[in-house]
1. At a Förster distance of 35 Å, what's the computed FRET efficiency of Val242 paired with Lys392, Cβ-Cβ distance as r, to 0.05?
2. Identify the chymotrypsin sites (Phe, Trp or Tyr not before Pro) of segment 104-200 meeting these criteria: DSSP loop state and at most 13 other C-beta atoms within 10 Å of the C-beta.
3. Roughly speaking, to the nearest percent, how much of segment 294-383's 1.4 Å accessible area is carbon and sulfur?
4. What accessible surface, in Å², does a 1.4 Å probe find on Glu302, ignoring ligands, DNA and RNA and rounding to the nearest 10?
5. Quick query: amide H of Ala371 versus all other amide H atoms, modeled in the peptide plane; which residues come in under 5 Å with a sequence gap of 5 or more or a different chain?
6. Taking a ≥ b ≥ c as the square roots of the eigenvalues of the Cα gyration tensor of segment 175-297, is the shape rounded (a/c under 1.5), prolate (a/b larger than b/c) or oblate?
7. By how many nm would the segment from Ala54 to Glu232 lengthen if fully extended, with 0.36 nm per residue of separation less the alpha-carbon distance?
8. Carbon and sulfur: what percent of segment 121-266's accessible surface (1.4 Å probe)?
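The values are calculated or read from the model by the stated rules, or taken from the named source; none is laboratory data. Worth saying up front: this structure is predicted, and the values here are computed from it rather than measured. Glycine gets a Cβ as well: all are built from the backbone with ideal geometry, and neighbour counts include every protein chain shown. Remember, those area values only see protein heavy atoms, side chains included, never the ligands or the DNA or RNA. Shrake-Rupley method; radii C 1.70, N 1.55, O 1.52, S 1.80 Å.
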Amino acid sequence: MAKTSLLRPLAVAAAGAVLVATGAAHAAAADRGTADAPASDLAGVQAALQATTAAGAPGAFAVIRDHGDREGTRSVAVGKANLDGTPMNSSWRFRVGSNSKMFAAVLVMQLAEQGRIDLDKPLRDYLPAGTLPEGWTMTGRQVLEHRAGIYDHTNDLLEQAGEETTSAFEARIRTTVYDPRDLVAMSVKHGVQYTPGSRYSYSNTDFVLLGLAVENLTGRPYAEVLNERIIEPLDLRKTSFVVPDQKIRGAHVTGYLTNDDRSKPLLDSTEQNGSWVWSAGAVISDAEDLDTFLTALMAGSEGGLVSDDSLKQMTAALPTPTAKVAYGLGLRRISLTCGDVYGHGGIVQGFQTQSFATPDGRRSVVLFANASNNGAVTQGLMNTLEPAFCGKKPAVAPRSAFAPGAHAPSASVEQVPVADLPVVEDTRI
């Protein structure tokens with residue numbers, strides 16, 4: 001395919017602690033701006049990660065990568081990769097949860113570029129017959145934006161009033177294999193939740209539907225399309241989509257589900273079947289591969305994943321009910337004191353990840369903790385973004401601080417304390 005040939009130059013190799021990158025995506029990042037991002041506050045990063053482990057995660061890490069004139073990687077790891085005492089390792093694999101939505105969004109945008117799907121027509125026209133009822137007119141764009149009015153099927157699978165999350169996990173998540181069409185059927189039973197396009201409501205079913213559209217339009221299994229169009233061209237050697245296999249192959253971090261009764265021990269949830277979230281959350285990867293993917297994506301046409309126009313649409317984020325957080329087409333925008341960053345978060349039983357990059361692709365940050373069902377752990381990871389991107393005691397800066405030609409805040413600018421970033425709405429997946 002054309003996309004494959006465009007992406008071949010983007011293979012990335014790592015040597016020691018320094019990322020050595022070649023190819024169009026990183027060259028594009030260097031060309032899009034001359035200003036260096038503020039120096040990361042590594043002490044602040046470590047403090048936030050230590051707060052994350054103090055909140056209940058066995059371990060956590062941050063991997064900060066700069067591209068352009070000054071290539072470099074800073075990695076900060078605290079705590080343990082497993083309860084056997086193995087130190088946390090930032091090069092190991094993990095479940096990325098809803099970061100998977102960025103991969104699905106790229107596949108849909110590629111098909112839109114080829115004229116195989118019109119994002120402003122009803123998505124049901126591109127799905128297998130009978131997937132959505134007659135009269136469900138939400139468009140592909142509304143589904144990508146979580147503005148389609150589609151009920152999130154995971155609400156039926158996860159905790160309900162009076163039921164422990166750990167019990168739900170063992171009963172319906174760990175080993176049960178779901179057909180994605182059955183997940184959609186769970187959602188459809190609840191009916192349309194609101195007039196499509198009228199408001200924002202995060203729904204994993206949205207991206208299950210997009211995965212089904214990818215399969216229907218290509219005539220191939222989702223995993224094959226993902227491998228052919230993204231994983232293989234980018235040489236993402238530690239990224240895979242292995243549903244319904246429960247294991248994480250190779251060196252990986254152990255994930256732990258926090259028991260609702262905090263007096264009970266953490267539950268090893270590493271081995272689990274990802275079919276319950278499928279294209280919305282079942283990708284396995286590592287920090288280096290997520291950096292490679294994000295850098296290529298934010299480079300637009302030069303990166304070979306999507307065109308400049310597609311990237312513009314993906315980053316045209318609309319407000320959500322969460323302060324400082326907006327959502328585009330499969331990309332979340334978070335407003336930091338030094339500018340906006342784009343990417344996604346992901347929480348899946350035992351694993352939490354936040355993966356974001358500056359608009360020019362010059363810096364990416366991947367944050368991880370190996371515990372879930374714990375809001376304080378999630379808050380700790382969110383609080384790591386500010387020191388990682390904006391440095392020590394960040395100053396008030398315009399939203400365009402990371403835009404081409406922007407300059408780092410002057411030391412003479414009034415310094416202000418930074419409040420906690422709000423925890424985003426996808427706190428369970």
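1. Working: r = 41 Å, r/R0 = 1.17.
Efficiency computed from Cβ-Cβ geometry: 0.30.
2. Values: sites: Tyr126, Trp136, Tyr151, Phe169, Tyr178, Tyr194, Tyr200; in loops: Trp136, Tyr151, Tyr178, Tyr194, Tyr200.
Sparse-neighbourhood loop chymotrypsin sites (Phe, Trp or Tyr not before Pro): Tyr194.
3. On the way: 970 of 1770 Å².
Of the solvent-accessible surface of segment 294-383, carbon and sulfur hold 55 percent.
4. 110 Å²
5. Correct list: Tyr256, Gln352.
6. Values: a/c = 1.67, a/b = 1.06, b/c = 1.57.
Taking the square roots of the gyration eigenvalues as a ≥ b ≥ c, segment 175-297 is oblate.
7. Numbers: separation 178, 0.36 × 178 = 64.08 nm, distance 3.83 nm.
Fully extending the segment from Ala54 to Glu232 adds 60.2 nm.
8. Numbers: 2930 of 6240 Å².
Of the solvent-accessible surface of segment 121-266, carbon and sulfur hold 47 percent.
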